[in-house]
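Inspection log for the structure reproduced underneath, given as structure tokens.
The values are calculated or read from the model by the stated rules, or taken from the named source; none is laboratory data. All of these numbers come straight from a predicted model, not from anything done at the bench. With ideal geometry, Cβ positions are generated from the backbone for all residues, glycine too; neighbour counts draw on all protein chains shown. SASA here: full protein model, heavy atoms, side chains in, ligands and nucleic acids out. Shrake-Rupley method; radii C 1.70, N 1.55, O 1.52, S 1.80 Å.
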Amino acid sequence: MRRQAGFTLIELITVIVILGILSAFALPRFAGLEAQARSASLDGLGGSVRSGAALAHAVWLANGNTPATITMEGVAIRMDATTGYPTPTNNGIRRVLQSLDGYTAGAVSGGYRFGVSGVAFTSCNVTYQLGTTAGAPPTVTVTNNRNNGGDCS
């Protein structure tokens, strides 16, 4: 008599039950990853806005502190004459970033705002505002579900 190798029905059912229990605990941990990814991308965008503005300011200083526009990577960027940082417009800070795939952008009262495409612009954004005195760096504020009470879901 020859014995067949393999799993019994009880062994298979036990493995399926164990996998079901493990997935019931693991699934909720991964369910909120989309909102967390949006928040993380906004943090990165905020850093890009800060470093881009600082780089534009450095080019402005190197060009003699007076040009109304500078050129970075072949793109003309409008500069604020008082602070020496990019203006909060489509021709200013928006052009510093060059590519905004997956993001939205537009002027708001007193500044310029970037958001994630498909998400509420008011609660999930990066806001760029010029400083108020000569040479003062701009204020870049990141609003998402990890700070400032925003929601990127």
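Each of the peptides 101-113, 83-95, 46-58, 3-15 was scored by the mean count of other Cβ atoms within 10 Å over its residues; in descending order, highest first, they stand as 83-95, 46-58, 101-113, 3-15.
For the chain, the per residue solvent-accessible surface stands at 61 Å², with DNA, RNA and ligands left out and a 1.4 Å probe.
Relative contact order of the chain, taken over Cα pairs closer than 8 Å and 6 or more residues apart, is 20 percent. Taking amide H positions as modeled 1.01 Å from N, with prolines and chain starts lacking one, the residues under 5 Å from GLY131 and 5 or more places away or on another chain are THR139.
Just the protein heavy atoms count here, and of the accessible area of segment 15-140 at 1.4 Å, carbon and sulfur take up 59 percent. Here's how it looks for TYR103: its modeled amide H is under 5 Å from those of SER117, which are all 5 or more places away or on a different chain. Kirkwood analysis of segment 3-42, using all unique Cα-Cα pairs, places the hydrodynamic radius at 13.0 Å. Taking amide hydrogens as placed 1.01 Å from N in the peptide plane, the amide H of ASN91 sits under 5 Å from that of no residue at least 5 positions away in sequence or on another chain.
Which percent of the Cα-Cα distances in segment 1-94 go past 16 Å? The calculated P(r) of segment 1-94 puts 70 percent of pairs beyond 16 Å. Remark: segment 3-15, residue by residue, has Karplus-estimated 3J(HN,Hα) of 9, 8, 8, x, 9, 7, 4, 5, 5, 5, 5, 4, 5 Hz, where x stands for each Gly or Pro and the curve is 6.51 cos²θ - 1.76 cosθ + 1.60 at θ = phi - 60°.
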